[in-house]
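Rule-based calculations on the coordinates, nothing more; no lab input. On a predicted model such as this, the values are computed, not experimentally measured, just so you know. No Cβ is skipped: glycine too gets one built from the backbone with ideal geometry, and neighbour counts run over all protein chains shown.
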Amino acid sequence: MQALEALTQEIIDCTLCPRLVAHRQDVARKKRRMYLHEDYWGRPLPGYGGPEAQVLIVGLAPAAHGGNRTGRMFTGDRSGNWLF
């Protein structure tokens with residue numbers, strides 16, 4: 001379990017793609033009007049779920065006002081509607 005926690009922290013701290021870092025920070029700073037009162041996560045999104053899961057779903061979009069806002073993949077916008 002410590003290895004999974006370490007990986008999660010490594011993901012959250014990642015800055016390897018300067019263009020993506022700039023984009024997610026810019027979105028978190030400017031915000032969408034309907035979310036102006038909310039604090040944005042504005043960092044890379046770690047996975048969630050059971051470490052023994054047999055299925056892995058990978059998101060490819062930056063989740064500007066969903067995951068970038070909530071800090072959880074497929075949460076906060078329509079991207080997760082069908083998934084959940």
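Evaluate E = 1/(1 + (r/R0)^6) for E52 and R78, where r is the Cβ-Cβ distance and R0 equals 22 Å; express this FRET efficiency to the nearest 0.05. The value I calculate is 0.15.
Over the chain, dividing the summed -39,500 (n - 2.57) contributions of all DSSP H runs of at least 4 residues by the number of residues returns a 222 nm mean residue ellipticity of -10000 deg cm²/dmol. Applying both filters, DSSP loop and at most 14 other Cβ atoms within 10 Å, to the GluC sites (Glu not before Pro) of the stretch 4-84 gives E38, E52. Computed log10 I(q)/I(0) for the chain at 0.14, 0.18, 0.22 Å⁻¹: -0.51, -0.82, -1.12, from the Debye equation with unit scatterers placed on every C-alpha and solvent omitted.
Length gained on full extension, A61 to A6, computed as 0.36 nm times the residue gap minus the Cα-Cα distance: 17.4 nm.
Does anyone have the angle between helix 2-13 and the longest principal axis of the chain? Alpha-carbon axes, 0 to 90°, nearest 10? The two axes meet at around 20 degrees. Shown here for the stretch 14-71: chymotrypsin sites (Phe, Trp or Tyr not before Pro) in loop regions (DSSP other than H, G, I, E, B) with at most 16 other Cβ atoms within 10 Å, namely Y48. With everything on Cα atoms, drop me the angle between helix 18-30 and the longest principal axis of the chain, reported from 0 to 90° to the nearest 10. For helix 18-30, the angle is close to 50 degrees.
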